[in-house]
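K.L.:
The structure follows.
The values are calculated or read from the model by the stated rules, or taken from the named source; none is laboratory data. Note that the structure is a prediction, hence the values are computed from the model and not measured. Reconstructed Cβ throughout: ideal geometry from the backbone, glycine too, with neighbour counts over all protein chains shown. Areas reflect the complete protein model, heavy atoms only, side chains present, ligands, DNA and RNA absent. Shrake-Rupley method; radii C 1.70, N 1.55, O 1.52, S 1.80 Å.
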Amino acid sequence: MKNKAMAIGVRTRSIYGVLAIMTILLSIGENTMAQTKSTAVVKNIVLVHGGLVDGSGWEAVYNILKKDGYTVTIVQNPTISLADDVAVTKRAIAVQNGPVILVGHSYGGAVITEAGNDPKVAGLVYIAAFALDKGESVSSLIKDPPPGAPAPPLLPPVDGFLLLDRAKFPASFAADVSREKAEFMADSQVPWGVNAVGGTISEAAWKAKHTWYLLTTEDRMLPPDAQRLMSKRAGATVVEVKSSHAVYVSHPQAVTHIIEEAARGASVAAKEGATSAAAD
């Protein structure tokens with residue numbers, strides 16, 4: 001009887017030991033799944049404004065992204081030279097705690113095309129922006145507009161800086177923004193450096209990074225046909241919105257939607273790439 005009781009005790013301890021091990025393994029599995037789920041979306045968003053404006057125009061987009069749980073950084077480019085703006089943007093990328101979705105509006109597209117070569121950048125989002133190629137600049141693309149395309153009302157440069165005609169700013173830049181807001185944007189323009197407009201790309205990041213493009217069909221600053229050409233050349237996932245050039249102000253939900261789509265898509269693409277590399 002004593003031997004039988006001892007045998008039962010051993011078996012009981014063995015069963016409890018196995019159950020304990022199973023509990024630990026299940027706990028590890030649940031934690032791993034939770035971590036995988038939490039990292040399924042790129043959570044760091046860096047927003048880069050274009051010429052003639054500053055980062056405050058991103059406010060509505062910023063608020064939506066923050067509410068949806070993203071970490072959002074707004075770059076304040078001096079727009080004096082492309083090199084300086086790329087440097088400022090790369091400093092913003094450097095302080096992020098993980099992969100980044102880099103977003104650029106208008107001239108900001110030139111900035112992210114260069115700064116997006118940073119290894120932390122998982123995806124690029126162009127918002128009615130210049131998706132330039134190697135050796136190109138904003139000035140080289142706008143010097144010969146297609147026939148019939150609206151011409152931005154740029155004034156002659158003064159001391160190496162450009163501004164838009166204030167009276168024509170609302171209709172050209174922000175036709176679907178409230179009159180009061182458009183007039184404020186016109187009166188608070190940030191001088192746009194000729195050196196920024198003429199800065200050339202050394203290597204186009206969209207050749208190696210997953211890319212999205214929000215195309216504005218009512219744009220009177222950057223013609224829709226030019227946007228189509230650049231987005232197609234970049235192999236971007238394209239979404240069209242009936243909007244003026246100031247789409248980030250007039251349609252923040254549409255802008256946020258494509259950014260969040262990129263945040264999800266870039267993560268999936270990165271995982272697929274890692275799986276493929278492991279298989280190789």
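K.L.:
Tell me the accessible surface of S178 in square angstrom (1.4 angstrom probe, heavy atoms of protein chains only), to the nearest ten.
P.N.:
60 Å²
K.L.:
May I pose another question? May I ask you to give the percent of accessible area on segment 118-247 that is carbon plus sulfur, with a probe radius of 1.4 Å?
P.N.:
On the way: 3500 of 6250 Å².
The computed percentage sits at 56.
K.L.:
Given the pairs K143/K242; K67/K181; K120/K242, which span a C-alpha to C-alpha distance of over 29 angstrom in this model? Show your work: numbers first, answer last.
P.N.:
On the way: K143/K242 25 Å; K67/K181 24 Å; K120/K242 32 Å.
In this structure, K120/K242 exceed 29 Å between Cα atoms.
K.L.:
Sticking with this one: Ignoring ligands, DNA and RNA, what accessible area per residue does segment 172-277 give at 1.4 Å, in Å²? Could the numbers behind the result be given before it?
P.N.:
Details: 4820 Å² over 106 residues.
Averaged over the residues of segment 172-277, the accessible area is 45 Å².
K.L.:
Could you calculate the contour length gain from E240 to R264, that is, 0.36 nm times the residue separation minus the distance between their Cα atoms, to one decimal place in nm?
P.N.:
Here the segment from E240 to R264 would lengthen by 6.7 nm.
K.L.:
So for the pair K168, R91, with labels modelled 7 Å out along Cα→Cβ, what separation do we get in nm?
P.N.:
Between K168 and R91, the label points sit 3.5 nm apart.
K.L.:
Can you tell which of Y248, F169, I142 lies farthest toward the positive end of the dipole of segment 128-280, using +1 and -1 charges on the Cβ of basic and acidic side chains (Lys, Arg; Asp, Glu)?
P.N.:
Checked the options; the winner is I142.
K.L.:
Suppose R0 equals 25 Å; then what is the FRET efficiency for T217 and S178 from their Cβ-Cβ distance, rounded to the nearest 0.05? Numbers along the way, then the final one.
P.N.:
Numbers: r = 20 Å, r/R0 = 0.81.
Efficiency, from the Cβ-Cβ distance: 0.80.
K.L.:
With +1 on each Lys and Arg Cβ and -1 on each Asp and Glu Cβ, how big is the dipole of segment 39-86 about its Cα centre, in debye rounded to the nearest 20?
P.N.:
Details: 3 positive and 5 negative charges, 56 e Å.
Taking the Cα centre of segment 39-86 as origin, the dipole is about 260 debye.
K.L.:
Turning to a different aspect of this structure: Taking segment 164-218 as the region of interest, what is the percent of Cα-Cα pairs per 5 angstrom bin, listed from the shortest bin to the one with the maximum distance?
P.N.:
That works out to 4, 15, 15, 14, 18, 16, 13, 5, 0, in percent per bin.
K.L.:
For K143 and N195, FRET efficiency with R0 = 22 Å and r from the beta-carbon atoms, rounded to 0.05?
P.N.:
0.90
K.L.:
I've got another one for you. Skipping prolines and chain starts, which residues have an amide H placed within reach, meaning under 5 Å, of the one on L162, given they are 5 or more residues away or on another chain?
P.N.:
Hits under the 5 Å cutoff: W192, G193, V194.
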